[in-house]
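In what follows, a structure is listed as structure tokens, so that the remarks can point back to it.
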């Protein structure tokens, strides 16, 4: 019973975290736009992306640490648990020193290439932003992984919710009292320094960890299997902003980040709903229960497609009027870019519906074998984006993202088929993809001809968004009823029962 309760609390608090992260993602950029302008917002977004590039040095160690913690926790082997944590902590300390050096180099070099603002201003802002990333990543990661492995991730979620809300209130207070972007970011950095302290105190009180234990020397050797995928994913995630910074301007970066942060929030919501399947899939694969694995995976695949389809299609229908309402009064750059909005939304849909296949290969342990698809995805994204960004701007990087996502999507499916991870033919995969696109374009077409894309009032936007959600539920339900009658009926029966 305790395990089931923890799963429920973890799921609910994860959804709450996603909610407050979304709220923060709406309020903070709005403050940046109103008080400091699109140029500063683009500068902060660009700096943050460049600093986040250092995360490739982590190279998959999180997954290795997490996997290494399960057995000693279940066996209550405090010595082995200590060895794993000491080894992980030593690695993160070295990484932290390297990050500090990287941040200083970036702070010096960045103003040379981006000369829009004074050198000292750009230098100091980079250092301040780096401080927040340093606190959240290098001090918080180890206790978070321990609590996640022990099925107590809700503790991290509760703390994160409190500090996000506090950061929002402090940011509003900061710009009212002293509207200066470095002061705003410095206060946020200081707030997030408290979070790892609380987690560390909880670990000390509830776990018997010997921090003087000998490190587990085998732990770090395993991380190279995930390094390539981690590296490629990081490059893919940051390509658009980096290319736009280098070949466009900071105002265009601001437009991109305003749109993408909303879509990332929707993607996070979809992942929160579907994450519960992953452990079960891994267990069924390990036990070689092929039939049960096929059935479980299809449910995972179907629910992910259904939920992401409804939410992301609605987002594609109402995101442009939302952005125009959201940026009302900000006139230094044009935020009305419907074609870019459509393409970048479509790319997020493709990411969500391919996620079950990528997670399946991870559960099956095919890190090394599938890393080549992640490499090529990154290269394709960079090359296509660079080729198209000069002539097409935002649309160019969106096309580059879509092409690279589809490449990895289809080649991952082919890999699953060729290695018989699932006992199904190729047509079943293509059918899922075609059904999802059919429902997406049908629902989008209805919204387009119903003038949902030209709303300029908050109250009307809320009404039309609700209307879009309702229409999308009907469209996706009808289309899936035609092709997957048994599963759509089962889904609604489960919802009604709950």
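Things worth noting here:
- Any hit, region 117-126, residues being modelled with pLDDT of 85 or more, within 25 Å of residue 96 (Cβ to Cβ) and crowded, with 19+ Cβ neighbours inside 10 Å: yes
- Residue check for residue 451: at pLDDT below 80, surrounded by fewer than 17 Cβ atoms within 10 Å (Cβ to Cβ) and under 17 Å from residue 314 (Cβ atoms): yes
- Residues of region 15-38 classified as over 18 Å from the mean Cα position of the chain (by Cα), surrounded by fewer than 17 Cβ atoms within 10 Å (Cβ to Cβ) and modelled with pLDDT under 80, total: 0
- Yes/no for residue 383 being modelled with pLDDT of 90 or more, over 17 Å from residue 253 (Cβ atoms) and touching a helix residue (DSSP H, G or I) at 6+ places or on another chain (Cβ under 8 Å): yes
- Number of positions in region 273-313 that are modelled with pLDDT under 80, assigned to a helix (DSSP H, G or I) and under 30 Å from residue 259 (Cβ atoms): 5
- Positions within region 415-440 being surrounded by 13 or more Cβ atoms within 10 Å (Cβ to Cβ) and under 21 Å from residue 347 (Cβ atoms), in sequence order: 429, 432, 433, 435, 436, 437, 438, 439, 440
- Taken over region 361-387, the residue count meeting the criterion of being buried (at least 20 other Cβ atoms within 10 Å of the Cβ) and under 18 Å from the mean Cα position of the chain (by Cα) is 4.
- Positions within region 68-86 being closer than 16 Å to residue 203 by Cβ and in contact (Cβ under 8 Å) with a residue 40 or more places away in the chain, in sequence order: 69, 73, 78, 81, 82, 83, 84, 85, 86
- Unique residue being part of a helix (DSSP H, G or I), out of contact with any helix residue (DSSP H, G or I) (no Cβ under 9 Å at 6 or more places or on another chain) and in the same structural domain as residue 198 (by TED's automatic domain parsing) when the list is 112, 97, 133, 128: 97
- Candidate set: region 72-89, residues that are within 18 Å of residue 215 (Cβ to Cβ) and surrounded by fewer than 14 Cβ atoms within 10 Å (Cβ to Cβ); chosen: the one modelled with the highest pLDDT: 79
The values are calculated or read from the model by the stated rules, or taken from the named source; none is laboratory data. Worth saying up front: this structure is predicted, and the values here are computed from it rather than measured. Methodologically, a virtual Cβ is constructed for each residue, glycine included, from the backbone with ideal geometry; neighbour enumeration extends over all protein chains shown.
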